[in-house]
1. Tally up the residues in region A:188-211 that are buried (at least 19 other Cβ atoms within 10 Å of the Cβ) and closer than 18 Å to A:PRO139 by Cβ, please.
2. Does A:THR128 satisfy being within 14 Å of chain B (Cβ to nearest Cβ) and closer than 30 Å to A:ASP218 by Cβ?
3. State all residues of region B:131-154 that are surrounded by fewer than 18 Cβ atoms within 10 Å (Cβ to Cβ) and in contact with a helix residue (DSSP H, G or I) (Cβ under 8 Å, 6 or more places away or on another chain); if no residue qualifies, say none.
4. Got a number for residues in region A:160-187 being outside any helix (DSSP H, G or I) and buried (at least 16 other Cβ atoms within 10 Å of the Cβ)?
5. Which is at pLDDT 95 or above and not aromatic (Phe, Trp, Tyr), of A:ARG41, A:ARG63?
6. Does any residue of region A:140-153 turn out to be buried (at least 19 other Cβ atoms within 10 Å of the Cβ), modelled with pLDDT of 95 or more and not in a loop (DSSP other than H, G, I, E, B)?
7. Look at B:ARG80 and say whether it is of a type in the set (Lys, Arg) and either in contact with a Gly (Cβ under 6 Å, 6 or more places away or on another chain) or under 25 Å from B:LEU165 (Cβ atoms) (or both).
8. Which residue, of B:ALA110, B:ALA126, is hydrophobic (A, V, I, L, M, F, W, C), under 22 Å from B:GLY14 (Cβ atoms), out of contact with any His (no Cβ under 6 Å at 6 or more places or on another chain) and more than 9 Å from every other protein chain (Cβ to nearest Cβ)?
Amino acid sequence: MNERPKPDYPGKLVAVEGLDGSGKSTQIYLLHQWLKARGYRVFFSEWNSSVLVKEATRKGKKRQLLTPTTFSLIHATDFADRYERQILPLLRGGHIVLCDRYVFTSFARDAVRGCDPGWLRRMYGFATRPDITFFFRLPLETALGRILEGRPKLKYFEAGMDLGLSPDPTESFKIFQGRVLDQYIAMVDEFGFTEVDATLTVHAQQRTIRKILQERVDLAFFHKRYAQ
Amino acid sequence: MNRGKTFYHHPPGGVDPRKLSGWLLVIEGADSSGRSTHVNLLSEWLEEQGYAVAQVGLKRSTLVGAELELAKQGNVLSPRTMSLFYATDFYDQLENVIIPALRAGFVVLADRYIYTLMVRDVVRGADPEWLASLYGMALVPDAVFYLSVSMNTLVERTFQARNQLDYWESGMDCGLSRDWFQSFLLYQRKIRREFAGLGKRYGFRVVNGNRSIPALHRELVSLTRGVLENPA
């Protein structure tokens, strides 16, 4: 993926990345609504959502069977399934594809879990680089505050409990998220992320990303050819 | 006997190769080459000799074994998805069965290993370097015995075992021929060619698998004895 071969498809790939609580899912949802309403060919895909491997992931998480290696592999399997059946064919068919999390999520989380960064990058080497990767950046404390203020029951892997950072889920979550954030920041230059200030209002952020999208993508090309 | 182990590229996180003793013996070979029979015979022999044995194979992981079997029924996953699914199955067994067994000084008998997985994928167009990296955390076995059988033997044993051809063993997903028998021959020849290449790269010990079960067993016993008695 680092070599950046020129894409041989007419579509455009837009990904959002960031910590839990950074608001990226809200932003890509709003972007999706807007593009749909304007009549563009657009498709939305979510991390860890393919039907086929969902069951195995669920079982593995519930029974805590996963090691960092198999945790990473099962997500890669899920991604490959979505990538080869949806994302790539849609790009080749001339769509805008919006991804809520992309391979960078694995690069960040799995590296924190101890997977070798080179191994991760080679494994995902088949995945094309997004045309725009929005990185929703905000201070760790703010992200933690947004997630933790509702006093949620954190899930085992979500809190990074498998790393043995702390026996307390909230404490473990804080340390884990801090390390994930460090990984994201280190990738900003490596993969050319477009940073978005996630401390701004939802509306202001949305205005910014719509503007960037319009500047970098010839949206007219993506108008539906046939009225529905 | 604690001589440690090596990994092709690097060990999975948290694994200290120096703490691994025991032996990992792999039996590779085409479907119907007699692998499973010999794994069982060898396992019995090892236990008679006083070695504790653990067996592993493909699609046997607790994590995804059942899901893989299900996915195969439908033939709906892309080749790369299958690769990664099998890799998940492999690493689950590596980390949860093979490595703990070696720490405890067992002999681990593997009915197929990463080589079968790589060969199948290469035949389906996967990049060998991508596969080598994917399986870079695999443990280097103490020995790989490759059962080499002629096409005639393979055809005969396949029909003896099941009276019919299997979709995957005939490589029907590869679009080589719509004729099952023709596809089986073409596919198995490709597999053999790839195995021959890998055998050189990974140092297989090629064993003539066309012989009778007792004759082949005797040879495998003698080779195994050599591995157990002469630490590398």
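The values are calculated or read from the model by the stated rules, or taken from the named source; none is laboratory data. Not measured: the values here are computed from a predicted model. Positions of Cβ are backbone-derived with ideal geometry, glycine not excepted, and every protein chain shown enters the neighbour counts.
1. Count: 4.
2. Numbers: within 14 Å of chain B (Cβ to nearest Cβ): yes; closer than 30 Å to A:ASP218 by Cβ: yes.
Spelling it out, A:THR128 is indeed within 14 Å of chain B (Cβ to nearest Cβ) and closer than 30 Å to A:ASP218 by Cβ.
3. Scanning region B:131-154 gives B:ALA132, B:MET151.
4. Looking only at that region, the number is 3.
5. A:ARG41
6. no
7. Numbers: of a type in the set (Lys, Arg): yes; either in contact with a Gly (Cβ under 6 Å, 6 or more places away or on another chain) or under 25 Å from B:LEU165 (Cβ atoms) (or both): no.
Spelling it out, it is not the case that B:ARG80 is of a type in the set (Lys, Arg) and either in contact with a Gly (Cβ under 6 Å, 6 or more places away or on another chain) or under 25 Å from B:LEU165 (Cβ atoms) (or both).
8. B:ALA110
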